[in-house]
């Protein structure tokens, strides 16, 4: 009985539809690392 | 951040004039990077084309640190630059660790030989990362290293969350997973910027990655334009050209003498003409024979980055300038002609690899070897 109640409780708290879903990215909380590499070259297109 | 390959381009034959031109451009890069607010830079092997000394001097001009944990003074075994820094961003302490591949020799003058060396970057990381982990929430490696070295780094130092790749001039729209780390590549030539967005929630890390193509939709920064024009003026001064760009000459007329003359190994197309009249005539009808004029018409004839592929034997500069080596001449494809036609001085046949040195994806996106070959093919 306890196991049944526990399972019911878990399903109510974490509905089956949410299981396995990747959390959506929250851009408002994010930190951005911006980087460049191998930049050296002509400073403008050569044509 | 920048992961190297910035200050100087490949210099197979460093010479004083090429170094001066390189220093002028490196100065432009440093000033614009200061303007953009860069936080860190890890140099790569091309940045050391003229030695560690010029890079060290350049670091004094930068408003951000140069990071290289495994570039050491031979005598003291101490690092030349800071091994790492810790940046606190929105309450998150991010450790930025600089590492350079030790598979490529350091360039530089004879007096620098034995003064510096590159220690094994992975062994260096194994020593530093555990200590760094105690001081920060997240470790990011600025890794100017080969792809297999980066994977080895991820395996040997699993506390590194992100590896920002240098050395490989490729664009990867998605990160490569390697053990606990993600490896990011952000293209080359200032055409792209990589952006890693992340946040932590408890022990979980959420991250996403995107490549920003720096197209003309981004307006030029006024101060950056001023710096660019100062660079161009400095270059013209160095090359002994008049301050204002000369108007485009009539077709066939000699343009400004901006091409730097190659060494005696290159003899120029006029030397080929007496024996190869038929080939010379067909060459004159190709775009190769007008390659320099296209630069003149667009006021790009003083950009070393352009001259490499629009002149012949560039990089073998002497003091004076010469018009004899403008355009993509015979020797640009077949190699230096000095000594030819003596026995054993047969010039090389041209393969696709030779063409792709200039017809790369950035400059010649529609390049097709078979089709382009037809445009320049001449009698044997």
(request) Any chance you could count how many residues in region B:172-200 are more than 10 Å from chain A (Cβ to nearest Cβ) and surrounded by fewer than 21 Cβ atoms within 10 Å (Cβ to Cβ)? (result) 9
(request) Go through B:329, B:293, B:298 for me and flag whichever is modelled with pLDDT under 85 and either within 14 Å of another protein chain (Cβ to nearest Cβ) or crowded, with 18+ Cβ neighbours inside 10 Å (or both). (result) B:298
(request) Answer with yes or no whether residue B:27 is away from chain A (no Cβ under 11 Å), assigned to a helix (DSSP H, G or I) and either in contact with a helix residue (DSSP H, G or I) (Cβ under 8 Å, 6 or more places away or on another chain) or at positive phi (or both). (result) yes
(request) Enumerate the strands (runs of 3 or more DSSP E) found wholly within region B:63-124, keeping only those where 2 or more residues are over 30 Å from residue B:201 (Cα atoms) and outside the structural domain of residue B:155 (by TED's automatic domain parsing). (result) none
(request) Please enumerate the residues belonging to region B:30-62 that are in a helix (DSSP H, G or I) and farther than 26 Å from residue B:103 by Cβ. (result) B:30, B:31, B:32, B:33, B:34, B:35, B:36, B:60, B:61
(request) Spot the failing condition for residue B:317; the list is (1) buried (at least 20 other Cβ atoms within 10 Å of the Cβ); (2) at pLDDT 80 or above, and only one is missed. (result) (2)
(request) Check whether at least one residue in region B:1-12 is on the phi < 0 side of the Ramachandran plot, loosely packed, with under 15 Cβ neighbours inside 10 Å and touching a residue at least 40 places away in the same chain (Cβ under 8 Å), and report yes or no. (result) yes
(request) Answer yes or no: is there a residue in region B:88-107 that is more than 26 Å from the chain's Cα centre (by Cα) and surrounded by 15 or more Cβ atoms within 10 Å (Cβ to Cβ). (result) yes
(request) Report the residue count in region B:302-313 for those that are in contact with a helix residue (DSSP H, G or I) (Cβ under 6 Å, 6 or more places away or on another chain) and either at pLDDT below 75 or at the interface with another protein chain (Cβ under 9 Å from one of its Cβ atoms) (or both). (result) 4
(request) Could you list, in sequence order, all residues of region B:201-228 that are surrounded by 17 or more Cβ atoms within 10 Å (Cβ to Cβ), over 27 Å from residue B:30 (Cβ atoms) and at the interface with another protein chain (Cβ under 9 Å from one of its Cβ atoms)? (result) B:207
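The values are calculated or read from the model by the stated rules, or taken from the named source; none is laboratory data. Bear in mind that the values here come from a model prediction, so they are computed numbers and not experimental data. Please note: Cβ atoms are built from the backbone with ideal geometry, for glycine as well, and neighbour counts cover all protein chains shown.
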